[in-house]
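Have a look at the structure below, then the notes.
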Amino acid sequence: MKDASVDRTNTRPVISLVAPFYNEEPLIDRFFKTVIEILQKTGLEWEIVCVDDGSSDRTLERLLAGARANPAVKVLQLSRNFGKEAALTAGMEASAGDVVILIDADLQDPPELISRMLDKWREGYDVVYGVRQSRDSDSLGKRISASGFYRIFNRLTPTPVPANAGDFRLMDRRVVDRVRQLPERTRFMKGLFAWVGFKSTAIAYDRPGRVAGQSAWSYWKLWNFALDGLTSFSTMPLRVWTYVGLAVSLLSFLYASFLIFRTLIVGVDLPGYASLMVVILFLGGIQLISLGVIGEYLGRVFIEVKQRPVYLVDQVYQFDRGDAAPADDS
Ligand code: UDP
Ligand code: MG
């Protein structure tokens, strides 16, 4: 039985590097070159699990070329684009190593950190995650929305997500298995990682810009991602309406008392179109917003209930030296 405070100084773990690829054709050769060099330097046994997330360019062909050149490279081709979270889930499930490292394909997560992550793992940490020292490579809008998101998320959920930590992280096999066991379809990974816990530590790093290509994240995607995260980990947006309702009821009770009192004293006073309109529109708005929030949750319940798989694998490729046929599909 392993213990959290176990000394792993002299263990030789097998490393699984998991990377998602969505239309990354121009930088794949550079990715393999950089990453393989660093993995070889560790002197440990390793594998690279590449997930082709339904790319529409020649990403798969480039990945297969890498896999042919190196039998430790495994390529998982998803049946369409499922998104980064699903691709990471697929990669983690296909990985076999004692430690699993998630890394972006665009080399924005510096692979040089891998050996430092391993050192931390040897010290007994089960999770070592990268934290960006600065967000200089991001636009102002992205920085503001990111910091706002972390603040709101961490206030609303009992399992805070470290700010500016991405998916770049090393995890012990035990952690990977626990994350895999979480049955939900909405894979908000940062939240899932925070939820499973375990002994964790951070490594600060500077995040460079992309080496090639461009980010697949539009503001609309980020907004929906944030909604997924919030609704998967907090019911606060649902519960808040109880209090809004109570406050509005209390105010209207006070106002009603005032009106009754005034009518008794000075009699009926008909003008009131403006105030009526304001109250009706205000309450109508509030009700629609609260309905919308309920709808957000209901939609997600619907998705969970359908129990569709998080991703579908089209083919798994892994080549022996000098072998050109795809490995058995699983
Ligand atoms: N990615 C993916 N599926 C998607 C979008 C992105 O697998 O639908 C991968 C992408 O290939 C890259 C990683 O996720 O390896 C991070 O994507 P990106 O660089 O666009 O995000 P950013 O660095 O801006 O957060
Ligand atoms: Mg990137």
Scanning segment 288-313 for residues that are more than 15 Å from Leu227 (Cα to Cα) and surrounded by fewer than 13 Cβ atoms within 10 Å (Cβ to Cβ) gives Leu288, Leu291, Phe302, Val305, Lys306, Gln307, Arg308, Pro309
What do you reckon, is Ile38 among the β-branched types (Val, Ile, Thr) and either in a loop (DSSP other than H, G, I, E, B) or under 20 Å from Met92 (Cα atoms) (or both)? no
The one condition in (1) in contact (Cβ under 8 Å) with a residue 12 or more places away in the chain; (2) exposed (fewer than 15 other Cβ atoms within 10 Å of the Cβ); (3) within 16 Å of ligand 2 (Cβ to nearest atom) that Arg169 fails to fulfil: (2)
For segment 78-88, give me the residue count where each residue is buried (at least 24 other Cβ atoms within 10 Å of the Cβ) and away from ligand 1 (no atom under 11 Å from the Cβ). 0
Residue pairs within 6 Å by beta carbon, gap of at least six or interchain, first lying in segment 81-108 and within 15 Å of Asp177 (Cβ to Cβ), second more than 16 Å from ligand 2 (Cβ to nearest atom) and among the hydroxyl-bearing types (Ser, Thr, Tyr), listed first then second, are Ser95/Ser16; Gly97/Ser16; Val100/Ser16
Could you run through segment 88-120 and say how many residues are away from ligand 2 (no atom under 13 Å from the Cβ), among the small types (Gly, Ala, Ser) and within 19 Å of the chain's Cα centre (by Cα)? 4
Does segment 204-233 hold any residues that are among the small types (Gly, Ala, Ser), assigned to a helix (DSSP H, G or I) and either at pLDDT below 85 or in contact with a Lys or Arg (Cβ under 9 Å, 6 or more places away or on another chain) (or both), and which are they? Gly229, Ser232
Considering only segment 65-178, give the strands (runs of 3 or more DSSP E) lying wholly within it that have at least 1 residues that are small (Gly, Ala, Ser). 127-132, 165-172
Against the definition (within 18 Å of the chain's Cα centre (by Cα), within 15 Å of ligand 1 (Cβ to nearest atom) and not hydrophobic (A, V, I, L, M, F, W, C)), how does Arg132 come out, yes or no? yes
Looking at segment 121-142, which of the residues that are under 20 Å from Ile15 (Cβ atoms) and not small (Gly, Ala, Ser) is nearest to ligand 2 (Cβ to nearest atom)? Tyr129
Checking the condition touching a residue at least 12 places away in the same chain (Cβ under 8 Å) and farther than 30 Å from Arg143 by Cα, which residue from Val244, Val278, Val268 passes? Val244
Name the residues in segment 7-23 that are modelled with pLDDT under 90 and surrounded by 14 or more Cβ atoms within 10 Å (Cβ to Cβ), would you? Arg8, Pro13
Those residues that are touching a residue at least 24 places away in the same chain (Cβ under 8 Å) and in contact with a Leu (Cβ under 6 Å, 6 or more places away or on another chain), I need them from segment 172-185; list them, please. Val179
Being part of a helix (DSSP H, G or I), touching a residue at least 12 places away in the same chain (Cβ under 8 Å) and farther than 25 Å from Tyr22 by Cα, is that true of even one residue in segment 195-203? yes
Which residues, counting only those in segment 172-185, are surrounded by 15 or more Cβ atoms within 10 Å (Cβ to Cβ) and either within 14 Å of the chain's Cα centre (by Cα) or at positive phi (or both)? Val179, Arg185
In segment 47-64, what count of residues is obtained for those that are buried (at least 22 other Cβ atoms within 10 Å of the Cβ) and in a strand (DSSP E or B)? 5
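The values are calculated or read from the model by the stated rules, or taken from the named source; none is laboratory data. Worth saying up front: this structure is predicted, and the values here are computed from it rather than measured. In this analysis, Cβ positions are derived from the backbone assuming ideal geometry, glycine residues included, and neighbour counts consider all displayed protein chains.
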